[in-house]
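Undergrad: One structure follows; several queries about it will come next.
The values are calculated or read from the model by the stated rules, or taken from the named source; none is laboratory data. Since this is a predicted model, take the numbers as computed values, not measurements. Here the Cβ is made from the backbone with ideal geometry for all residues, glycine too, and neighbour counts use every protein chain on show.
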Amino acid sequence: MAEKKYFIQKNPFEVPTTDGKVIKEHFGLATDGNPDISIAHMIAPPGWSEPFQTPEFDEYTFIIKGKKQFIIDGDTIILKAGESIKIEKNTRVQYSNPFSEICEYLAICKPAFCMDSVNRESF
């Protein structure tokens, strides 16, 4: 019997958080050890934000529901459901959901997300 050339992820890794954000990594370092790409399903609660960061990876975001705010090089950008963005590596960015409803989105990082390469600042 031939080896299957696909894998269906039914049990993503749920990243522990302290800020109410839900992060379920479907593929990446925490799930399958792949250093080349990570794909995560995220839910950011109303009022959520992260400190600025300058990741060493490209990050693609696709908004499924709600809105998400990005501050990139002094520009404030708000994406809504159905919109997407690519942020190139080594770009200083802050992510937040200052709105009154949850924001559900997909985040794809290339190479894979890693705490050692996100370069997150302190609040």
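Undergrad: Based on what the data block shows, is residue 107 closer than 22 Å to residue 16 by Cα, among the small types (Gly, Ala, Ser), within 12 Å of the chain's Cα centre (by Cα) and not in a loop (DSSP other than H, G, I, E, B)?
TA: So residue 107 passes the test.
Undergrad: Can you name every residue in region 84-123 that is within 14 Å of residue 48 (Cα to Cα), of a type in the set (Gly, Ala, Ser) and surrounded by 13 or more Cβ atoms within 10 Å (Cβ to Cβ)?
TA: Once the filter is applied, which keeps residues that are within 14 Å of residue 48 (Cα to Cα), of a type in the set (Gly, Ala, Ser) and surrounded by 13 or more Cβ atoms within 10 Å (Cβ to Cβ), region 84-123 yields only 96.
Yes or no, residue by residue, for (1) among the hydroxyl-bearing types (Ser, Thr, Tyr); (2) more than 24 Å from residue 123 (Cβ to Cβ); (3) buried (at least 16 other Cβ atoms within 10 Å of the Cβ); (4) in contact with a strand residue (DSSP E or B) (Cβ under 6 Å, 6 or more places away or on another chain):
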| position | (1), (2), (3), (4) |
| --- | --- |
| 2 | no, yes, no, no |
| 12 | no, yes, yes, yes |
| 59 | no, no, yes, yes |
| 71 | no, no, no, yes |
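Undergrad: Then there's this: With the structure loaded, tell me whether residue 50 is more than 30 Å from residue 7 (Cα to Cα), among the acidic types (Asp, Glu) and in contact (Cβ under 8 Å) with a residue 40 or more places away in the chain or whether it fails that test.
TA: Yes, satisfied.
Listed here are the residues, each with its yes/no results for (1) at pLDDT 95 or above; (2) over 14 Å from the mean Cα position of the chain (by Cα); (3) of a type in the set (D, E, K, R); (4) under 17 Å from residue 108 (Cβ atoms).
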site	(1), (2), (3), (4)
1	no, yes, no, no
34	yes, yes, no, yes
46	yes, yes, no, no
69	yes, no, no, no
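Quick grid of which residues meet (1) surrounded by 17 or more Cβ atoms within 10 Å (Cβ to Cβ); (2) not charged (D, E, K, R):
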position	(1), (2)
5	no, no
9	no, yes
19	no, no
28	yes, yes
32	no, no
42	yes, yes
45	no, yes
48	yes, yes
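Undergrad: For residue 40, are the conditions met, namely being under 14 Å from the mean Cα position of the chain (by Cα) and either closer than 15 Å to residue 101 by Cα or at pLDDT below 95 (or both)?
TA: No: the conditions fail for residue 40.
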